[in-house]
Amino acid sequence: MTSVEKRDVLVVGAGFGGLYSLHLLRESGFHVSAVERGSGVGGTWYWNRYPGARCDVESLQYSYSFDDDLQQEWEWTERYAGQPEILRYAEHVAERFDLADLIDFDTNVESMSYDSTTQKWTVSTNQRTYEAAFVVAATGCLSTANLPEFPGLETFEGDVYHTGRWPHEQVDFTGQRVGIIGTGSSAVQAIPVIASEAAELTVFQRTPNYSIPAHNQPLEPAVQAEVKSRYDELRQAARAERSGILSIFPPNEDSAREASDTEFRARMDERWDYGGFSFYRSYIDIVVDPESNERVADYVRGHITAKVDDPELATLLSPTNTIACKRPCLDTHYYETFNSSHVQLIDISDHEIETITPHGLRVRGEEFTFDALVFATGFDAMTGSLLKMNITGVADYTLNEAWANGPRTYLGLGIPSFPNLFTVTGPGSPSVLTNMIMAIEQHVEWIRDCLVSMRDNGYAAIEAKPDAADAWVSHVNSIADQTLYPSCNSWYLGANIPGKTRVFMPLIGFPDYAERCEEVASNNYEGFTLV
Ligand code: NAP
């Protein structure tokens, strides 16, 4: 009989959430380890190695704050770190805090079930079985790649890539005819870099996206030193921001709709020239007031028209939907790339890809020939990785049954009928609408405090109450309904996956959320049942 590995806590995933969970829980005296399906740490930065992959949150903010020596000593080289640098950072953290020995790599959870009698989880993986009192699912929000079922895909004789599952070996497109499907954040980053290598690049666009220039650049040592000299104060100020991200521009209460033409232009130009997500903080009502939103959208369309030489192409690349209701993109020479004669855009807004063929693909009756196909088709966001684990809670109730009508959590941390299972940045928490590493730290610290409190008070099990979860899901959606976020087919709503129930999954507003989590803890875990 194969032996069962026993743990106090089993963490699933060794990305930034998993690494910090391991560190904090071991420090607090728990027997903890992690399983990770990859062969190394880094989570999203382990898998997303596509050309041009880079973080859209500035590196001095997209980093852990929990250890001052770590944040003082690590030197970032660019305003926005590229994937290789972030992966090196994750590896450095694992080494510095001696975490690698706690991680079983190449280990994929196949199923897990809760035994109400023993109050323990049994977690079956492709390698071994674990029994743990608690499971911390640090499985990431964008970690299950979405590869739509294109007919004929298996017949393609060239190379096939998905941006979210990019090979570890260097991919060289030199001299190749490459087709890329999708124009979301991953494609917007990959297209200029692939175009710089490929002989021909054809971009299949179903919906154009708004993209703001990143203006990435080497990080000036003086800037880095200045931030590090005030790190605590700056991190604290970031946590008070709705997105958990600090901007050099002070917050304002101004309406884009009410601004005069001169004021509006000056402010938008300033943000455009600075680059990055500060653009969306130029006016407070961009994601609330349709007129303000349209004014900002029109400003971006003006830039697209100015950047793209061919007016018809500029129109095709110009979105008409609400700006920022899909996750905004940041780019480096995205629109300009379409001025190159070897790059072409194929609008498929009215035509599904009919079939993949042995030598390319066919759409609207036309055949395109490629050496390589790149799918930049995104992820089954926020719930995909959790639902894939075949989780069974109390009374044989499965997570797939529980979430048939969309994810139902309390605080994005606990799920009724699934005791002793915590989700790090789970649906119903601010997660993807914030700086993920900051959101991860807040969640992991809350989970650690909860486990320590349970141990101190002799509790063995904690479970979210159904009515608390129902009220929480209503709360998340009522906040989203006060904004323009739910107005387009975004992955925030699950709308990118055919058949997935549309529920707005992330919670808007980090500070109120963090305060609520603290209140719940100090009210003896109000909304949870402790036994
Ligand atoms: P995405 O935003 O979901 O974009 C997927 C693209 O594929 C969309 O253009 C979509 O078109 C298209 N698509 C999907 N299914 C298709 C089909 N059957 N036929 C044709 N086109 C299809 O995915 P992503 O670009 O990987 O980005 C996902 C998220 O990851 C981002 O929003 C962001 O949060 C994160 N990300 C972050 C960074 C960063 O920080 N730098 C970089 C990359 C990604 P439709 O729009 O019409 O559905």
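Coordinate-derived values only; no laboratory data. Since the structure is predicted, the reported quantities are computational estimates derived from the model, not experimental observations. Cβ sites come from the backbone with ideal geometry, for glycine too, and all protein chains shown count toward neighbours.
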| said: Can you give me the convex hull volume of the Cα atoms of segment 229-279, divided per residue and expressed in Å³? | reply: 90 Å³
| query | What is the antiparallel percent of DSSP beta bridges lying wholly in the chain, to the nearest 5? | reply | 40 percent
| task | Could you list the square roots of 5 times each eigenvalue of the Cα gyration tensor of segment 306-407, that is, the equivalent ellipsoid semi-axes, sorted largest first and rounded to whole Å? | result | 38, 21, 13
| task | Quick one: grab Rg to one decimal and Dmax as a whole number for segment 10-76, Cα atoms only, in Å. | result | 13.6, 41
| request: Using only the alpha carbons of segment 298-363, determine the length spanned along each of the three principal axes and report them from longest to shortest in whole angstroms. | output: 41, 30, 21
| message | Treating only the Cα positions of segment 415-505 as identical point scatterers, give the base-10 log of I(q)/I(0) from the Debye formula at each q in 0.12, 0.17, 0.21, 0.26 Å⁻¹. | response | -0.47, -0.88, -1.17, -1.35
| query | If you average the sequence gap of Cα pairs under 8 Å that are 6 or more apart and divide by the length of the chain, what percent do you get for the contact order? | reply | 20 percent
| Rounded, prolate or oblate: which fits segment 445-496, taking a ≥ b ≥ c as square roots of the Cα gyration tensor eigenvalues, rounded meaning a/c under 1.5, else prolate when a/b beats b/c? | prolate
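When ranked by the protection proxy of mean other Cβ atoms within 10 Å per residue, highest first, what sequence do the peptides 177-189, 48-60 form? Provide the component values of the computation, followed by the final result.
On the way: 177-189: 24.5, 48-60: 22.2.
Output ranking for 177-189, 48-60: 177-189, 48-60.
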| query | How far is helix 290-307 tilted off the main Cα axis of the chain, in degrees rounded to 10, range 0 to 90? | reply | 50 degrees
| field | segment 287-331 and segment 470-531: distance between their alpha carbon centers, rounded to Å | value | 28 Å
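List Val203, Val171, Val287 from most exposed to least, where exposure is judged by having the fewest other Cβ atoms within 10 Å.
Val171, Val287, Val203
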| note | Surpassing 28 Å at the alpha-carbon level, of the pairs Lys6/Lys388; Lys326/Lys388; Lys228/Lys326, are Lys228/Lys326
| What does the convex hull of the alpha-carbon atoms of the chain project to on average, in nm²? | 25.0 nm²
| How long is the gain from Arg362 to Glu294 if the chain were fully straight, where each residue apart is worth 0.36 nm and the alpha carbon distance is subtracted? | 21.0 nm
| note | The equivalent-ellipsoid semi-axes of segment 76-172, taken as the square roots of five times the Cα gyration tensor eigenvalues and listed largest first in whole Å, are 31, 25, 12
| field | Relative contact order %, segment 174-297, counting alpha carbon pairs below 8 Å whose residues are six or more apart | value | 22 percent
| query | When you count, for each residue, the other Cβ atoms within 10 Å and take the mean per peptide, how do 403-409, 336-342 rank with the highest first? | reply | 403-409, 336-342
| Rounded to a whole number, what is D in µm²/s for segment 1-158 from Stokes-Einstein with the Kirkwood radius over alpha-carbon pairs (20 °C, 1.002 mPa s)? | 124 µm²/s
| task | Find the eigenvalues of the gyration tensor of the Cα atoms of segment 112-237, then list the square roots of 5 times those eigenvalues as equivalent ellipsoid semi-axes, largest first, in whole angstrom. | result | 36, 31, 14
| task | May I ask you to compute the full-extension gain from Ala240 to Ser111, defined as 0.36 nm times their residue separation minus their alpha-carbon distance, rounded to one decimal in nm? | result | 42.6 nm
| field | Prolate/oblate/rounded label for segment 173-330 (Cα gyration tensor, a/c 1.5) | value | oblate
| What base-10 log of the normalised intensity I(q)/I(0) is obtained for segment 401-445 from the Debye formula, alpha carbons as equal point scatterers, at q = 0.27, 0.28 Å⁻¹? | -0.95, -0.99
| task | Mind running the shape call on segment 159-207? Use the C-alpha gyration tensor, a ≥ b ≥ c as the square roots of the eigenvalues: rounded below 1.5 for a/c, prolate if a/b tops b/c, oblate otherwise. | result | oblate
